[in-house]
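As structure tokens, the structure follows; a few thoughts come after it.
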Amino acid sequence: MANEKKGIRLDHISKIYVDPKTKKDFYAVKDVSLDIEPGSFVTLLGPSGCGKTTTLRMIAGFESPDEGGIYLGGEKIDELTPDKRDSAMVFQSYALLPHYNIFDNVAYGLKIRKVPKDEIKKKVTDILKLVGLEGMEARMTNQLSGGQQQRVALARALVVEPGVLLFDEPLSNLDAKLRVTMRTEIRRIQQEAGITAVYVTHDQSEAMSISDQIIIMNGGVVAQIGTPTEIYYHPKSEFVADFIGDANFLRGRMLRHEGGCGIVDINGTEVRVEDSSVADGADTTIVLRPESTILDAEGFFPVDVVVSCFMGAYQLYHVMLGDTKLIIHEYNPKNKRIFQQGETAYLSFESENAHCI
Amino acid sequence: MNKNQSARLDRTKFFADPVLVVTVFLLIAMLLLFVLYPLVILLVDSFLEEGHLTGAIFERVLHLQRFKVAFWNTLLDGMIVGVLSTLIGLLFAYVDVYVRLRSRILEKLFNLVALLPVVSPPFVLSLSMICLFGRAGFITKYLLGIRNSNIYGLGGLAVVQTMTFFPVCYMMLRGLLRNIDPSLEEAARDMGASRWKVFTSVTFPLILPGLGNAFLVTFIECAADFANPMLIGGNYDTLATTIYLQITGAYDKQGAAAMAIVLLSITIVMFIIQKYYLESKTAATLTGKASRARMPITEKRVTAPLTVLCSLISVFVIVMYVMVLFGALFKVWGRNYSLSLEHFRRVLFMHGGLRAFKDSAILSAIASPITAVLSMIIAYLVVKKRFKGRGLIELLSILAMAVPGTVLGVGYIRGFSGGIFHSGILKGIYGTSLILIIAFVVRSLPTGTRSGISALRQIDKSIEESAIDLGAGSSRVFFTVTLPLIKDSFLSGLVTAFVRSITAISAVILLVTPRWKMVTIQINSLAEKGDYGEACGFATILIIIVYAVVALMNLFIKHFGTSKYMEE
């Protein structure tokens with residue numbers, strides 16, 4: 001495709017809304033700065049109300065920022081109306097035009113751009129092939145399944161060859177299985193088209209599986225930016241750790257750093273953790289993923305098993321370490337010692353799996 | 001926190017769309033000029049005498065015996081008709097929603113009753129009431145032999161208005177009842193409540209605000225009604241007729257302006273209570289759709305009396321309408337009941353009927369597309385756009401609903417006969433067909449806008465956003481996306497505007513000049529002279545025309561409407 005990949009820069013943007021109940025102003029988005037590389041796939045991830053959709057709608061032009069500026073391909077676009085911006089959006093509800101058939105839906109943007117008729121025909125046919133809907137041009141939108149409507153919406157956005165493709169929770173109306181197929185499809189098509197994409201979702205597994213970069217938002221501010229692995233293994237805050245996957249938190253104090261490891265004191269027991277920037281003597285929290293926590297007959301701490309449940313792929317434990325509840329996934333449990341509810345077991349972990357924040 | 005930047009950006013974006021900007025400015029100018037200004041001039045006129053602020057005009061009017069009587073008459077009539085219409089409307093709605101009707105004929109009958117007032121000119125029932133129960137009435141004189149029956153006055157008026165307005169209540173309440181989740185009532189039944197207890201403790205409280213709503217809507221209609229009090233009111237003058245007589249009889253335009261302000265205040269207060277208090281209350285108690293179909297009531301002891309009562313009322317209403325046709329066919333009403341087409345011949349060839357139908361149809365046909373497009377544009381701007389002045393546009397176009405035709409008529413006379421603020425500017429439009437067309441448009445605009453707004457609210461905002469996002473400007477979005485999606489509402493707005501215009505009388509009667517003949521005014525003057533045969537002839541043809549237009553629209557919507565692809 002001949003489109004020019006464009007990067008996006010958000011320069012300290014904020015958006016103020018009025019709370020409908022209290023009538024008070026509040027920041028829906030606060031001081032968000034981002035630099036999105038041309039051709040990359042970036043996901044805005046966060047719980048509902050975190051400002052991710054508002055941020056996306058500011059990029060599209062449907063909302064105007066109260067502070068800061070938005071740049072697309074180096075050009076400031078704040079004053080442009082959405083129809084003048086080089087972006088195309090895939091909506092949560094697909095927003096297909098119900099009075100047009102598939103061909104006319106996809107051709108809509110091209111007609112506005114006054115593309116010659118035979119070129120429109122060729123482009124529409126090509127793009128429908130790319131999204132796997134060839135031969136369905138004449139169907140009306142209500143004759144399509146949810147997944148097919150999603151593909152039409154994607155084709156319609158892609159065909160105008162925008163500088164950036166915006167996705168507003170595009171898969172949330174699909175069933176779980178189709179969601180998984182479609183996200184792979186979206187990633188494939190984005191790669192083939194080589195287009196910059198900004199994707200909004202609240203589904204962390206969706207974000208992990210398709211993104212080059214994930215931007216986690218919470219309460220209108222950016223909580224962390226990073227690749228999926230960075231965010232999963234090195235969360236900067238308890239919020240991020242908890243939001244991406246399951247996480248156990250152990251509170252303690254950083255004693256010292258030695259031999260490329262940190263030594264943390266937890267209730268009088270010294271454990272080795274991954275090296276970190278936490279200062280010696282400071283309070284710290286260890287983030288432990290359930291699958292990298294080990295339960296055995298011996299270990300660092302004795303724990304009480306309160307739930308033990310066979311899940312097929314793994315044995316699920318809930319254990320109590322003092323007042324702290326921890327979740328443990330013991331994968332491939334067939335040949336391992338299984339603890340039952342009420343038993344005492346010992347918890348341990350590899351130092352490289354224990355991340356301090 | 002400072003929202004200056006987004007406000008500035010939104011402004012920049014708004015002004016980047018010249019079509020939108022021009023449309024908004026023209027609309028606001030038009031609404032100010034033809035809705036607000038005529039009302040303002042009435043206020044100015046009734047408080048300003050020779051450049052001085054004075055309460056003298058009001059004082060004079062308030063002491064007029066004629067005014068005092070008319071004032072209380074209007075309120076009393078509104079109360080009676082409001083209560084009766086709401087109750088009968090509730091009865092019909094309840095039977096429609098809760099009782100399984102045994103036959104298709106009954107369903108058809110109910111639909112017909114609901115449709116008739118929409119397609120009929122406002123005074124048709126008065127005509128047939130006089131024909132049936134008047135001094136020479138078919139029932140009173142011919143069947144019962146009563147010689148001195150007097151149908152003129154509050155009694156006749158209230159019956160006629162109730163029959164004219166209850167179908168509106170029926171439609172409103174039917175919608176509400178359908179929205180009640182049946183499981184609420186089933187839960188009450190399950191806990192041991194009888195049908196009657198369920199009705200009084202669950203259904204009735206839920207629709208109470210809706211009943212108030214229906215009452216007020218009817219009250220406003222009654223207060224604004226001009227034709228019926230004119231024909232059947234006799235000595236029972238209401239404000240609407242008194243204002244008219246004050247202008248045409250007493251030549252007291254300032255007094256009429258002051259009276260118009262009083263009438264306007266009544267309707268606007270009612271309207272504000274209805275719109276901003278009751279409507280939100282209704283919405284609060286009845287949210288969303290019923291979860292599943294309701295089990296209809298089948299016990300004979302409940303269904304039989306209700307159905308019979310409704311059927312009787314329906315038959316009575318329909319007989320009244322049919323009477324209009326016979327009124328036109330009987331040779332001499334009251335004396336010679338042989339059938340003849342003589343009245344129709346006289347209507348068409350002696351009373352300038354052909355010309356009246358032509359004039360009325362032409363002016364209505366010009367006004368209705370203007371109304372339909374304007375109301376859809378207003379609805380689009382109000383629902384889908386954010387800009388300063390949006391609230392003003394919505395307020396003014398909906399406010400017009402609360403303005404009685406007579407008030408608007410007087411406003412136009414005072415406002416335009418001497419030009420804007422008596423300065424001579426725009427004086428030219430007074431006494432022309434243009435001002436009639438404008439009056440038609442303003443009178444039908446609120447209904448069209450309301451239906452457009454509710455149609456647009458059904459459409460997912462992101463459908464239009466997706467078109468904008470792909471590069472379409474406001475006007476392109478309106479014509480390629482919005483309008484096709486609300487085609488049905490547009491068409492019905494078009495037809496409603498036509499019907500309302502061709503059957504309109506209250507504002508028109510004050511504004512029309514001898515150059516244009518209007519059907520409704522012909523009917524009114526014939527009826528006043530006692531030529532009921534001809535009046536009925538006119539009315540019959542008018543009903544046929546209107547019914548044909550409505551039927552055509554329904555046919556069109558059925559085959560080319562949006563509902564086909566909007567269903568899902």
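The values are calculated or read from the model by the stated rules, or taken from the named source; none is laboratory data. Not measured: the values here are computed from a predicted model. Cβ sites come from the backbone with ideal geometry, for glycine too, and all protein chains shown count toward neighbours.
Please return the ranges of strands (runs of 3 or more DSSP E) entirely within the stretch A:264-357 where 1 or more residues are at pLDDT 90 or above, surrounded by fewer than 16 Cβ atoms within 10 Å (Cβ to Cβ) and basic (Lys, Arg). Explain how you work it out, then say what you get.
Values: elements: A:269-274, A:283-288, A:294-296, A:301-310, A:314-321, A:324-331, A:344-348.
It comes to A:324-331.
So which residues in the stretch A:10-32 are of a type in the set (Val, Ile, Thr) and within 14 Å of chain B (Cβ to nearest Cβ)? Full working, then the answer.
Within the stretch A:10-32, the first condition is being of a type in the set (Val, Ile, Thr), and the residues that meet it are A:13, A:16, A:18, A:22, A:29, A:32.
Correct list: A:ILE13, A:ILE16, A:VAL18, A:THR22, A:VAL29.
The rows are residues; the columns are (1) under 28 Å from B:LEU42 (Cα atoms); (2) touching a helix residue (DSSP H, G or I) at 6+ places or on another chain (Cβ under 8 Å).
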{"residue": "B:ARG195", "(1), (2)": "no, yes"}
{"residue": "B:VAL198", "(1), (2)": "no, yes"}
{"residue": "B:SER201", "(1), (2)": "no, yes"}
{"residue": "B:LEU211", "(1), (2)": "no, yes"}
{"residue": "B:ALA223", "(1), (2)": "yes, yes"}
{"residue": "B:ALA227", "(1), (2)": "yes, yes"}
{"residue": "B:GLY233", "(1), (2)": "yes, yes"}
{"residue": "B:GLY249", "(1), (2)": "yes, no"}
{"residue": "B:MET259", "(1), (2)": "yes, yes"}
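State the number of residues belonging to the stretch B:203-215 that are modelled with pLDDT under 90, crowded, with 22+ Cβ neighbours inside 10 Å and not aliphatic (A, V, I, L, M).
Count: 2.
Pick from B:THR513, B:THR480: which is of a type outside the set (Phe, Trp, Tyr), over 19 Å from the mean Cα position of the chain (by Cα) and modelled with pLDDT of 90 or more? Steps first, answer last, please.
On the way: B:THR513 fails: modelled with pLDDT of 90 or more.
Exactly one residue qualifies, and that residue is B:THR480.
Can you name every residue in the stretch A:198-245 that is surrounded by fewer than 16 Cβ atoms within 10 Å (Cβ to Cβ), of a type in the set (Ser, Thr, Tyr) and either assigned to a helix (DSSP H, G or I) or touching a Phe, Trp or Tyr at 6+ places or on another chain (Cβ under 9 Å) (or both)?
Selection gives A:SER205, A:SER209, A:THR229.
Considering only the stretch A:11-22, I want to know if a residue exists there that is of a type in the set (Lys, Arg), at pLDDT below 90, more than 18 Å from the chain's Cα centre (by Cα) and assigned by TED's automatic domain parsing to the domain that holds A:ILE195. If you could, list the steps in order and put the result at the bottom.
Filtering the stretch A:11-22 for residues of a type in the set (Lys, Arg) gives A:15, A:21.
Still in the running and at pLDDT below 90: A:21.
If we keep only those that are more than 18 Å from the chain's Cα centre (by Cα) too, we end up with A:21.
With assigned by TED's automatic domain parsing to the domain that holds A:ILE195 added as a condition, the list becomes A:21.
Within the stretch A:11-22, one or more residues are of a type in the set (Lys, Arg), at pLDDT below 90, more than 18 Å from the chain's Cα centre (by Cα) and assigned by TED's automatic domain parsing to the domain that holds A:ILE195.
Filter the stretch A:33-54 down to residues that are farther than 21 Å from A:TYR232 by Cβ, more than 14 Å from chain B (Cβ to nearest Cβ) and among the hydroxyl-bearing types (Ser, Thr, Tyr) and give me whichever is nearest to the chain's Cα centre (by Cα). Spell out the reasoning first.
In the first step, residues of the stretch A:33-54 are kept if they are farther than 21 Å from A:TYR232 by Cβ; the result is A:33, A:35, A:38-39, A:48-49, A:51, A:53-54.
Then keep just the ones that are more than 14 Å from chain B (Cβ to nearest Cβ); that gives A:33, A:35, A:38-39, A:48-49, A:51.
Subsequent filtering for residues that are among the hydroxyl-bearing types (Ser, Thr, Tyr) retains A:33, A:48.
Details: A:SER33: 17, A:SER48: 12 Å.
Filtering the stretch A:33-54 for residues that are farther than 21 Å from A:TYR232 by Cβ, more than 14 Å from chain B (Cβ to nearest Cβ) and among the hydroxyl-bearing types (Ser, Thr, Tyr), the one nearest to the chain's Cα centre (by Cα) comes out as A:SER48.
Mind telling me which of the residues B:LEU177, B:LEU90, B:LEU116, B:LEU106 ends up being hydrophobic (A, V, I, L, M, F, W, C), surrounded by fewer than 18 Cβ atoms within 10 Å (Cβ to Cβ) and over 19 Å from B:GLY233 (Cβ atoms)?
On the way: B:LEU177 fails: surrounded by fewer than 18 Cβ atoms within 10 Å (Cβ to Cβ); B:LEU90 fails: surrounded by fewer than 18 Cβ atoms within 10 Å (Cβ to Cβ); B:LEU116 fails: surrounded by fewer than 18 Cβ atoms within 10 Å (Cβ to Cβ).
Going through B:LEU177, B:LEU90, B:LEU116, B:LEU106 in turn, just one is hydrophobic (A, V, I, L, M, F, W, C), surrounded by fewer than 18 Cβ atoms within 10 Å (Cβ to Cβ) and over 19 Å from B:GLY233 (Cβ atoms): B:LEU106.
Evaluate the following for A:MET208: is it closer than 26 Å to A:THR53 by Cα, in contact with a helix residue (DSSP H, G or I) (Cβ under 8 Å, 6 or more places away or on another chain) and modelled with pLDDT of 90 or more?
In short, yes.
Please go through the stretch B:349-398 and pick out each residue that is over 22 Å from B:SER492 (Cβ atoms), part of a helix (DSSP H, G or I) and in contact (Cβ under 8 Å) with a residue 12 or more places away in the chain.
Just the residues of the stretch B:349-398 that are over 22 Å from B:SER492 (Cβ atoms), to begin with: B:349-359, B:385-392, B:395-396.
When the remaining residues are screened for being part of a helix (DSSP H, G or I), the result is B:349, B:353-359, B:390-392, B:395-396.
Scanning the stretch B:349-398 gives B:GLY353, B:ARG355, B:ALA356, B:PHE357, B:ASP359, B:LEU392, B:LEU396.
Scan the stretch A:93-107 residue by residue and report those that are touching a Ser or Thr at 6+ places or on another chain (Cβ under 8 Å) and part of a helix (DSSP H, G or I).
Within the stretch A:93-107, A:ILE102, A:ASN105 meet the criteria.
Which is more than 21 Å from B:PRO404 (Cβ to Cβ), within 14 Å of chain A (Cβ to nearest Cβ), among the β-branched types (Val, Ile, Thr) and out of contact with any strand residue (DSSP E or B) (no Cβ under 9 Å at 6 or more places or on another chain), of B:VAL24, B:VAL97, B:VAL19? It would help to see each step written out before you state the result.
On the way: B:VAL24 fails: within 14 Å of chain A (Cβ to nearest Cβ); B:VAL97 fails: within 14 Å of chain A (Cβ to nearest Cβ).
Within the list B:VAL24, B:VAL97, B:VAL19, the selection yields B:VAL19.
Restrict the check to the stretch B:497-509 and report whether at least one residue is free of Cβ contacts under 8 Å to residues at least 60 places away in the same chain, outside the structural domain of B:VAL124 (by TED's automatic domain parsing) and in a helix (DSSP H, G or I). Full working, then the answer.
If we filter the stretch B:497-509 for residues that are free of Cβ contacts under 8 Å to residues at least 60 places away in the same chain, which is where we start, we get none.
No, the stretch B:497-509 has no match at all.
Please work out which residue is farthest from B:ALA7 (Cα to Cα), limiting yourself to the stretch A:98-134 and to residues that are buried (at least 22 other Cβ atoms within 10 Å of the Cβ) and facing chain B (nearest Cβ under 7 Å).
So the residue we want is A:TYR108.
Give the number of residues within the stretch B:432-489 that are within 11 Å of another protein chain (Cβ to nearest Cβ) and free of Cβ contacts under 8 Å to residues at least 40 places away in the same chain.
16
Find all pairs meeting these conditions: Cβ atoms under 7 angstrom apart; at least six residues apart or on different chains; first residue within the stretch A:324-341 and in the same structural domain as A:THR293 (by TED's automatic domain parsing); second residue among the small types (Gly, Ala, Ser) and surrounded by fewer than 17 Cβ atoms within 10 Å (Cβ to Cβ).
A:TYR331/A:ALA313; A:ARG337/A:ALA297
Of everything in the stretch B:216-240, what is of a type in the set (Ser, Thr, Tyr) and surrounded by 23 or more Cβ atoms within 10 Å (Cβ to Cβ)? Give them in sequence order.
Filtering the stretch B:216-240 for residues of a type in the set (Ser, Thr, Tyr) gives B:218, B:236, B:238.
The answer is B:THR218, B:THR238.
Would you confirm whether any residue within the stretch B:514-532 is part of a helix (DSSP H, G or I), within 24 Å of B:ILE377 (Cβ to Cβ) and in the same structural domain as B:PRO369 (by TED's automatic domain parsing)?
At the first step, the residues of the stretch B:514-532 found to be part of a helix (DSSP H, G or I) are B:519-529, B:532.
From what is left, the residues that are within 24 Å of B:ILE377 (Cβ to Cβ) are none.
No, the conditions are met nowhere in the stretch B:514-532.
Working only within the stretch B:37-65, note down all residues that are in contact (Cβ under 8 Å) with a residue 24 or more places away in the chain and among the polar types (S, T, N, Q).
Matches in the stretch B:37-65: B:SER46 only.
What's the total number of residues in the stretch B:463-474 that are assigned to a helix (DSSP H, G or I) and modelled with pLDDT under 90? Spell out how you get there, then give the answer.
So the first thing to find is which residues in the stretch B:463-474 are assigned to a helix (DSSP H, G or I), and the list is B:463-469, B:474.
In the following step, the residues that additionally are modelled with pLDDT under 90 were identified as B:474.
The qualifying residues number 1.
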